[in-house]
Amino acid sequence: MKYLCLIYDDEKEWQKFPKEVQDQYMGEYGAFTESIKKSGQFVAANQLQPTHTSTIVRSRNGKISTTDGPYVETKEQLGGFYLIEAKDLNDAIKVASRIPSAKSGSIEVRPVVERPA
Amino acid sequence: MENDISAHVRDKVDAVYRSESRRVLATLIRLLGDFDLAEEALHDAFAAAVEQWAERGIPENPRTWLISTGRFKAIDRLRKNARFESADGRALDRLEAVQTPEIDEDGVEDDRLRLIFTCCHPALSADAQIALTLREVCGLTTEEVAHAFLTPPSTLAQRIVRAKGKIRDAGIPYEIPSRSDLPERLDSVLHVIYLVFNEGYLTSRGTSLTRADLSGEAIRLGRLLVELMPEPEAMGLLALMTLHEARRTSRTTASGEMVLLEDQDRSLWDRAQIEEGVALVEQALGSHRFGPYTLQAAIAAIHAEAQSPGATDWAQIVGLYDVLLMTDPSPVIELNRAAAVAMRDGPEAGLALIDAILARGDLTGYHLAHAARGDLCRRLGRVPEAIRAYERALEIATQEPERRFINGRLEVLRGASLR
């Protein structure tokens, strides 16, 4: 099964970190990504720009409205994701628990709807 | 004559249903990979048993017969569905996935554990874990579970449907957790059992009859877990429940008034249950891998073994609370420890500890903290202070028997202050 691991963390905290700490974090992320590529569980991953870059788009009756994001103010913000291949939820939880941000923020694990091709 | 035979067969099927249906269901869920399909297969298998056992006699191993009959019935059902829903293809996929059964004794017992761990998976909400466990593992009907938790049956049915949906769609596996995951996953199972027990034991709502049934169900579940997986904390929880249960009849008067531990008629305590609890505590403590349930059970065991409140080994109880606070720190445990210190060293010492907890701002909204404070002030003869503390407790307490108890204390104290 495929699971999307959504990474939530306090981006204000992150911005306050000195460069060495940020580098160390990125190093941990690099090692983690490498390890799930090796185990064959990696499908895709990306880090997102901070929430101040976010835009909300709606189309109603053919009229498009665009507003400044984020949608709701929360303590933790979506900062990136991993799309992984896992045997089942327990397997996915194991992978998600090793994402470096699991230690400071939280990871939401969502199964992907799979339709027959 | 024929009626006699069919009545005999029906009795036998009923007996087998009571003793085997949960095992058969647990194995069918593994073989079929789906809760709903397994439940339908279970019912089909028992319906077939009523018919066929009358004709061909009762099989040598009813359990194996039921499992393989259920599996065939499920395959039939999937074939039929596949014909009507060929566009969907899902039923056919499932049919191919149905495994050929391996039915041996160990396998069946493992399936029961798989069922317990799946129903208590931490990815499900606590409410869903409880509902699913009582329904699938204990075999209570949706109506019975709804009645016990004073929830409308439709709400409970919805909860169960949603939980099964999550198990299926999120891919919660039907497995016994690995060694490394076991502590966390076992905690979740123990917590569900403990919540069910407390719901029955702390007669906060509803009639006392249904509540006692829930405690009994929790104890049965705890016993099953210890049988299948004799982990120290599982024993500790079973011990804690049996030791509490042993005191049930002495906890309230015939008219439903609350009786404090120190005032309980100890001749009413169930000796057999106490013996069982004490033996389990000793076994769990001996493992040196015990946790908070075992420690709480050890404290309950000391109370249960004391001939009178005065003969209680308060020093040992304080010591156990100290260990408990190290492994599982909580202000409520601190409060209980303070009460034990008051018994060991006198009310003054206990009062100082309670005041320190309240001064931190912890437990200021907890009625038992104020009631305990009121009791110690009362013992020290500080009547106005005791009255204030009990009044504060009364402002927060919601359970009727507790409110009546506090009011009773207040009446006596107010009488004393007038004299």
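No value in this document is a laboratory result; all are computed from the given coordinates. Not measured: the values here are computed from a predicted model. Reconstructed Cβ throughout: ideal geometry from the backbone, glycine too, with neighbour counts over all protein chains shown.
The figures follow:
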quantity	calculated
Straight-distance crosslink candidates among aspartates and glutamates, where the alpha carbon sits under 19 Å from residue A:19 and sequence neighbours closer than 8 are dropped	A:9, A:10, A:11, A:28
Inter-chain shielding of A:92-103 (mean C-beta neighbours from other protein chains, 10 Å cut-off)	1
Order of B:147, B:244 - criterion: other Cβ atoms within 10 Å of each residue's Cβ, fewest first	B:147, B:244
Dipole magnitude (debye, nearest 20) for region A:1-112, charges at Cβ of Lys, Arg, Asp, Glu	400
Cα centroid separation, region A:1-56 to region B:116-186 (Å)	33
Furthest towards positive pole of dipole, B:244, A:67, B:165, structure part the protein assembly as shown, Cβ charges	A:67
Euclidean distance of C-alpha centroids, region B:244-321 and region B:337-398, integer Å	23
Bridge type composition, the protein assembly as shown - antiparallel percent by DSSP, nearest 5	100
Shielding by partners, peptide B:173-181 (average Cβ within 10 angstrom, other chains)	2
Links that overshoot a 19 Å alpha carbon limit, given the list A:37/B:166; A:2/A:94; A:87/B:80; A:37/A:75; B:80/B:164; A:16/A:94	A:37/B:166; A:87/B:80; A:37/A:75; B:80/B:164; A:16/A:94
Highest-fluctuation residue, B:131, B:371, B:272 considered, GNM on chain B with Cα pairs under 10 Å	B:272
The protein assembly as shown - mean residue ellipticity at 222 nm from DSSP helices (-39,500 (n - 2.57) per run, n ≥ 4, rounded to 500)	-20500 deg cm²/dmol
Full-extension gain in nm, residue A:52 to residue A:110, via 0.36 nm per residue minus C-alpha separation	18.4 nm
For chain B, built as a Gaussian network whose Cα springs stay under 10 Å, the top-fluctuating residue of B:215, B:255, B:267	B:255
Percentage relative contact order, chain B, counting C-alpha pairs under 8 Å, at least six apart	8
Max mean-square fluctuation residue, GNM over chain B, Cα-Cα springs under 10 Å, options B:403, B:247, B:30	B:403
Exposure proxy ranking, count of Cβ atoms within 10 Å, fewest first, for B:394, B:132	B:394, B:132
Charge tally in the Cβ shell below 11 Å around residue A:103, where Lys, Arg are +1 and Asp, Glu are -1, residue A:103 excluded	-1
Taking B:326, B:343 and counting other C-beta atoms within 10 Å, the order from fewest to most	B:326, B:343
